[in-house]
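Undergrad: Below you will find the structure I want to go over with you.
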Amino acid sequence: MSANELIANLDKLGDEFLSVIQPLSDEQAIRAAQAQFLGKKGKVSEVMKELSKLPPADRPLVGAAVNKVKQTIEEQVCRRLGELTALAAKADLARVVDVTLPARPVPQGHLHLLTQVRLEAVQIFSELGFVVADGPQIETDWHTFEALAIPKDHPARDMQDTFYLSEEIVLRTHTSPVQVRTMLTQAPPIRIVAPGHVYRRDDDPTHSPMFTQIEGLAVDEGLSFADLKGVLIHFVSRFFQKELTVRLRPSYFPFVEPGAEVDMQCSFCGGSGCRLCKGTGWVEIGGAGVVDPDVFAHCKIDSEKYTGFAFGMGLERMAMLRHGVNDIKFYYEGDVRFLEQF
Ligand code: FA5
């Protein structure tokens, strides 16, 4: 083929490319067409193979024509892609958007009922000057029992059926070991509440193997049983948002003397007797008492100078009373039909 024929072929390729890409309307197809012409085995490369057969004097002329067709093809690719981008932007602008439409609702979770109740309880006690203290759920036998005047062979150990991890380590059965940890590290005056999970071998509609207690401890000069009762009445009335009274029934906890079972006036029937309070008008919510001097001795607190009171309440029970939950398992099953109600 002569130089002129090759130059004419190259010019034709430029025109042909134009007619190929004009109808194309997506980038992938345009790039494929570009490769068909400019790729290694493309149409322009085929023509270039003829270049070596030409007399050297003709080669620069044909070379220039090759560069020209390459440039033309690349320019056409840019132009067509630009056109497509502009068309897409125009279509976007032409779309009718109703800016008054309400936004799609974003599903929103909320705190679990027991968390709400825990935070509320802490808030009420903090208004009375109590601060939150914490302790481990995997606890030593000493902090859980011994320091609270419950030695190994003491019959009171049967009151709380314990999960033992080893002879010396237990899952705490109550939040009372936080009393011990606090008194060992803080000097009076002390006013703490310690909410947290506790564990017992217990399982029925009102008892769960894992449940939540809130412990309270106050140690100062001149504290009495009357202060304890005042705090409990205030708490119960604030928590249930009505005037309710508290009854302290003599009971035995080795770490308090005197000790009492805390009953509150049934918030459901107001005390006249109902299904929830089993017709008695009272519901047990916890234990309480005046800190035993033995416990002070374990914690190196001078029982001649200081007195204290302590209490421990079950938060599941409080929430059951306030919301009429009739099986403790509902709290832990994660059923959204239950959880959504609070
Ligand atoms: C105690 O745990 C004592 N530590 C309370 C205490 C603290 C007394 C400070 C004196 C001074 P008791 O075993 O009674 O006490 O438990 C307290 C409350 O926890 C109960 O009244 C009940 O509301 C709740 N409770 C007990 N066992 C369970 C259980 N298995 N499931 C749900 N709640 C429970």
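The values are calculated or read from the model by the stated rules, or taken from the named source; none is laboratory data. If you're wondering where the values come from, they're calculated on a predicted model, not measured in any experiment. Heads up, the Cβs are rebuilt from the backbone with ideal geometry, glycines too, and the neighbour counts pull from every protein chain shown.
Undergrad: Report those helices (runs of 4 or more DSSP H) wholly inside the range 1-110 carrying at least 3 residues which are of a type in the set (Gly, Ala, Ser). Explain how you work it out, then say what you get.
TA: Numbers: elements: 3-21, 27-38, 43-49, 59-94.
The helices (runs of 4 or more DSSP H) meeting that bar are 3-21, 27-38, 59-94.
Undergrad: With the checklist (1) closer than 18 Å to VAL117 by Cβ; (2) touching a residue at least 40 places away in the same chain (Cβ under 8 Å); (3) among the aliphatic types (A, V, I, L, M) in hand, flag the one item ALA310 doesn't pass.
TA: (1)
Undergrad: Just a yes or no: is a residue in the range 166-175 more than 15 Å from GLN137 (Cα to Cα), within 13 Å of the ligand (Cβ to nearest atom) and within 31 Å of the chain's Cα centre (by Cα)?
TA: no
Undergrad: While we're looking at this one, here's another question. Answer yes if at least one residue in the range 18-25 is closer than 30 Å to ARG337 by Cβ and surrounded by 12 or more Cβ atoms within 10 Å (Cβ to Cβ), and no otherwise.
TA: No, the conditions are met nowhere in the range 18-25.
Undergrad: Something else now. Can you find even one residue in the range 188-207 that is polar (S, T, N, Q), within 13 Å of the ligand (Cβ to nearest atom) and crowded, with 20+ Cβ neighbours inside 10 Å?
TA: No - not one qualifying residue is present in the range 188-207.
Undergrad: Kindly establish whether ALA218 is buried (at least 18 other Cβ atoms within 10 Å of the Cβ) and touching a helix residue (DSSP H, G or I) at 6+ places or on another chain (Cβ under 8 Å).
TA: Yes; evaluated as a whole, the condition is true for this residue.
Undergrad: Do we find a residue being away from the ligand (no atom under 11 Å from the Cβ) and in contact (Cβ under 8 Å) with a residue 60 or more places away in the chain anywhere in the range 137-144?
TA: Yes, that holds for at least one residue.
Undergrad: Can you give me the number of residues within the range 242-281 that are within 18 Å of MET320 (Cβ to Cβ), surrounded by fewer than 19 Cβ atoms within 10 Å (Cβ to Cβ) and within 14 Å of the ligand (Cβ to nearest atom)?
TA: Going through the range 242-281 one residue at a time, the tally reaches 2.
Undergrad: Now for a separate question. Being touching a residue at least 12 places away in the same chain (Cβ under 8 Å) and not assigned by TED's automatic domain parsing to the domain that holds GLU46 is the requirement here; does VAL66 meet it?
TA: Answer is no for this residue.
Undergrad: Quick check on the range 202-220: of everything there that is over 13 Å from ASP327 (Cα atoms) and without any contact (Cβ under 8 Å) to a residue 60 or more places away in the chain, which residue is farthest from the chain's Cα centre (by Cα)?
TA: Filtering the range 202-220 for residues that are over 13 Å from ASP327 (Cα atoms) and without any contact (Cβ under 8 Å) to a residue 60 or more places away in the chain, the one farthest from the chain's Cα centre (by Cα) comes out as ASP202.
Undergrad: Next up: Going through GLN179, GLN160 one at a time, which residue ends up being under 30 Å from LYS242 (Cα atoms) and either within 13 Å of the ligand (Cβ to nearest atom) or touching a His at 6+ places or on another chain (Cβ under 8 Å) (or both)?
TA: Going through GLN179, GLN160 in turn, the sole match is GLN179.
Undergrad: Is it fair to say ARG191 is over 28 Å from the mean Cα position of the chain (by Cα), assigned to a strand (DSSP E or B) and not β-branched (Val, Ile, Thr)? Give the steps one after another, and end with the answer.
TA: Values: over 28 Å from the mean Cα position of the chain (by Cα): yes; assigned to a strand (DSSP E or B): yes; not β-branched (Val, Ile, Thr): yes.
So ARG191 passes the test.
Undergrad: In addition: Looking only at residues that are of a type in the set (A, V, I, L, M) and out of contact with any strand residue (DSSP E or B) (no Cβ under 8 Å at 6 or more places or on another chain) in the range 311-337, which one is farthest from the ligand (Cβ to nearest atom)?
TA: Among those residues, the one meeting the criterion is VAL336.
Undergrad: Could you tell me whether the range 292-310 includes any residue that is within 9 Å of the ligand (Cβ to nearest atom), crowded, with 22+ Cβ neighbours inside 10 Å, of a type in the set (Val, Ile, Thr) and more than 33 Å from the chain's Cα centre (by Cα)? Outline the logic, then answer.
TA: The initial filter retains those residues of the range 292-310 that are within 9 Å of the ligand (Cβ to nearest atom), namely 309-310.
Cutting the leftovers down to crowded, with 22+ Cβ neighbours inside 10 Å gives us 309-310.
Next cut, of a type in the set (Val, Ile, Thr) only: none.
Checking the range 292-310: not a single residue is within 9 Å of the ligand (Cβ to nearest atom), crowded, with 22+ Cβ neighbours inside 10 Å, of a type in the set (Val, Ile, Thr) and more than 33 Å from the chain's Cα centre (by Cα).
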